[in-house]
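Taken together, the values in this text are just the output of simple stated rules run on the coordinates, not laboratory data. Everything numeric in this text was worked out from a predicted model, so none of it was measured. Note that we place each Cβ from the backbone using ideal geometry, even for glycine, and neighbour counts take in every protein chain shown.
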Amino acid sequence: METQTTRIIEASRELLKAAGYFVENLWHVEDVHFICEQQELPKVSDEEAMEVFAIANKQFDGETGISWPQLEAALRMFLQRKALLSNPLEA
């Protein structure tokens, strides 16, 4: 069964494809949640996962794009920053 959200996402992909964008490999917040689970890292919210993507995008390498290792590094960077901001005297 196709939900309205799924239909909107697929229509958006088709619109972007028609405009010349490659959209076959889109990242999702669930990918960040998966890394947390697999590496036994603290869970992050969907909003925090989007911050992880922003960090990965700032570190973007045109030759490799955003990859699992890059996303893992961005997540670790995010978690370090979060820990520093929540406990500045312990740093």
Original post:
If you build a Gaussian network model of the chain, linking Cα atoms that sit under 10 Å apart, which residue out of LYS17, LYS43, LYS58 swings the most?
Top reply: LYS17
Original post:
Given q = 0.13 Å⁻¹, what are the Debye log10 I(q)/I(0) values for the range 28-91, with equal point scatterers placed on the Cα positions and solvent ignored?
Top reply: -0.34
**OP:** Mind telling me which of LEU15, LEU71, LEU41 comes out most flexible in a GNM of the chain, alpha-carbon contacts under 10 Å?
**Re:** LEU15
Original post:
Using a cut-off of 21 Å between alpha-carbon atoms, which lysines can reach LYS82, once sequence neighbours fewer than 8 places away in the same chain are excluded?
Top reply: LYS43, LYS58
Original post:
Gaussian network model of the chain, Cα springs within a sub-10 Å range: biggest mean-square fluctuation belongs to which of GLN38, GLN70, GLN59?
Top reply: GLN38
**OP:** Let me know the charge dipole size of the chain about its Cα centre in debye, to the nearest 20, where only the beta-carbon of Lys, Arg (+1) and Asp, Glu (-1) is charged.
**Re:** 220
Original post:
In what order do GLU63, GLU51 fall by count of nearby beta-carbon atoms within 10 Å, going from fewest to most?
Top reply: GLU63, GLU51
**OP:** May I ask which residue of LEU41, HIS28, GLN80 lies farthest towards the positive end of the charge dipole of the range 27-90, with charges of +1 (Lys, Arg) and -1 (Asp, Glu) on Cβ and the Cα centre as origin?
**Re:** GLN80
Original post:
How high is the relative contact order of the chain, in percent, with contacts defined as C-alpha pairs under 8 Å that are six or more residues apart?
Top reply: 18
